[in-house]
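Okay, so here's the structure we're looking at.
The values are calculated or read from the model by the stated rules, or taken from the named source; none is laboratory data. Just so we're clear, the structure is a prediction, and the values are computed from it rather than from any experiment. Positions of Cβ are generated from backbone atoms using ideal geometry, with glycine treated the same way; all protein chains shown enter the neighbour counts.
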Amino acid sequence: MQGMKRNSGHDNSAAAATTAVENSTHDSLPRMDATPSEFCAELSKTFRVRSSEVALLRLEGGMLKFLFPEELKTAGAIPLSGSSAIAAHTAISKKLELFNNFPRVKHASIFETVKLTQQSEQPDPLTIQKLISGPVLDAQGKVLGVLQVCRKGFDLLSAGPDFSLNDLQQLERVTKALAKASFMKAS
């Protein structure tokens with residue numbers, strides 16, 4: 001994997017590497033002719049997360065704008081410069097990132113306060129506990145957007161298993177394929 005940055009908040013990387021070998025079954029990619037919503041819903045199955053735990057952003061005029069989840073389309077955009085958002089950092093660095101202890105990571109959390117449809121049944125909003133983030137780059141290495149997959153929960157344990165190196169490799173494969181999707185081209 002080229003350009004991978006791993007910042008897991010002091011997790012055990014030996015266990016992550018073991019899990020990567022055991023979980024090498026994530027090989028199917030979502031359809032490229034799908035809408036952003038359909039694409040992300042399929043992708044959520046690949047990573048065994050809820051669709052509300054997938055975010056897809058497209059870069060437009062120096063701002064990352066949400067294509068998915070739907071509820072975040074109108075919630076605002078993330079500027080590339082001067083932002084503490086992980087999505088902005090991923091776009092600027094053009095590197096994959098993995099965080100298995102996300103609450104310890106300094107980040108912009110404004111979008112986490114937006115109530116998503118799938119969370120409405122929860123008594124308290126779940127927060128992001130684990131996150132993988134990858135840049136969507138065109139053939140020339142220009143940033144088109146960012147794809148993020150997270151695991152939400154009340155705490156690290158309730159969020160489920162850590163993301164593995166295999167998950168990060170799968171995210172890289174998906175972002176490469178996403179670069180060819182028509183919806184990633186600025187409108």
(request) Identify all residues within segment 45-65 that are out of contact with any His (no Cβ under 9 Å at 6 or more places or on another chain), outside any loop (DSSP other than H, G, I, E, B) and in contact (Cβ under 8 Å) with a residue 40 or more places away in the chain; write none if there are none. (result) SER51, SER52, GLU53, VAL54, ALA55, LEU56, LEU57, ARG58, LEU59, GLU60, LEU64
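So, in segment 81-112, how many residues would count as being of a type outside the set (A, V, I, L, M, F, W, C), closer than 22 Å to ARG58 by Cβ and either touching an Asp or Glu at 6+ places or on another chain (Cβ under 7 Å) or modelled with pLDDT of 85 or more (or both)? Working first, answer last.
Narrowing segment 81-112 to residues of a type outside the set (A, V, I, L, M, F, W, C): 81-84, 89-90, 93-95, 97, 100-101, 103-104, 106-107, 109, 112.
Cutting the leftovers down to closer than 22 Å to ARG58 by Cβ gives us 81-84, 89-90, 93-95, 97, 107, 109, 112.
If we keep only those that are either touching an Asp or Glu at 6+ places or on another chain (Cβ under 7 Å) or modelled with pLDDT of 85 or more (or both) as well, we get 81, 89-90, 93-95, 97.
Residues in segment 81-112 being of a type outside the set (A, V, I, L, M, F, W, C), closer than 22 Å to ARG58 by Cβ and either touching an Asp or Glu at 6+ places or on another chain (Cβ under 7 Å) or modelled with pLDDT of 85 or more (or both): 7 in total.
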(request) Select, from SER28, SER13, SER52, the only residue that is at pLDDT below 90, in contact with a Pro (Cβ under 7 Å, 6 or more places away or on another chain) and at negative phi. (result) SER52
(message) Of everything in segment 66-97, what is closer than 20 Å to SER44 by Cα and outside any helix (DSSP H, G or I)? Give them in sequence order.
(response) PHE66, LEU67, PHE68, PRO69, LYS73, LEU96, GLU97
